[in-house]
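To start, the structure itself, in structure tokens.
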Amino acid sequence: MHADLRPRRLAASTFAALALTLASACASTPEPAATKPGQGPEANAPLSAAEQGDLGRLFPFPNGHVYAYRVTTETGETRSLTVRTVRVSPGRGELHPMAARVRSFDVTADGVRLAPPDKGWVLKAPLEIGATFAGEHGGKTTVTAVGHTQSAAGETFQGCVTTVEQRGGDRPLSFESVFCPDVGLVRLEASSGSSTELAELESRGPPVDLGPDGVKAIKVEPVK
């Protein structure tokens, strides 16, 4: 990861992919239709025990859904960011950010982690205040709050978990993430020095088919 990346790019890529390696981010290459993730029978198979567990529910992969976030900089500038979730198979999901590299995640009984060859955990047991684990951006993540409420897009969610990942070095970075059951990431604040960016969930849902030509559009609706 380049040390001279501006916080703005850092935060945007993080919100898009939740652990995207920014230095290697690139436009994803479409896969052949026959092997495209999310279209095979495994993608629609029943949820695994890990996916239905407390940790899996905090980072779900509803197949083909689109999440929209509002990103706000410290100067008050705002922009939108969208991410598509793809369930490849029981216990394996992907995040497809717009114009950035796809990342894969494994949902296990121990938590949610980046799929090899990437390393690091998004969430890891035990979900107790003060628990620490190796984070997705190469830093140390600490669980700072559990079982709390969080508001987003006019809704209030229960049983949420907050984590803070901190990475030292020449340019320290900090990522505060809030995950809520059956929704996923609802809030993420990334900071580097005095620069901060905040992403908040605005809507989520499946795309809608506009006709026989297969044209898709995002179905924008409040989170539920």
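Just so you know, all these numbers are worked out from the coordinates, no wet-lab data involved. Quantities reported herein were computed from a predicted structural model and do not represent experimental measurements. Virtual Cβ from ideal backbone geometry, glycine too; neighbours counted across all protein chains shown.
The table below gives the values:
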read-out: Full-stretch length increase - Asp110, Ser194 - with 0.36 nm per residue and alpha-carbon distance subtracted; value: 26.8 nm
read-out: Among Tyr69, Gly130, Pro116 the positive-end extreme of the charge dipole of the stretch 29-184 (Cβ point charges); value: Pro116
read-out: Potential extension, Arg171-Val146 segment - 0.36 nm per residue separation minus Cα distance; value: 6.1 nm
read-out: Ranking of His148, His137 by count of other Cβ atoms within 10 Å, fewest first; value: His148, His137
read-out: Cβ-based exposure ranking for Ser151, Ser177, in which fewest neighbours within 10 Å come first; value: Ser151, Ser177
read-out: Added length on full extension, which subtracts the Cα-Cα distance from 0.36 nm per residue, Asp118 to Met98; value: 5.2 nm
read-out: FRET efficiency for Asp182 and Glu74, using Cβ-Cβ distance with R0 set to 25 Å, rounded to 0.05; value: 0.20
read-out: Ranked packing of 117-127, 72-82, 58-68, 42-52, most packed first, by mean Cβ within 10 Å; value: 58-68, 117-127, 42-52, 72-82
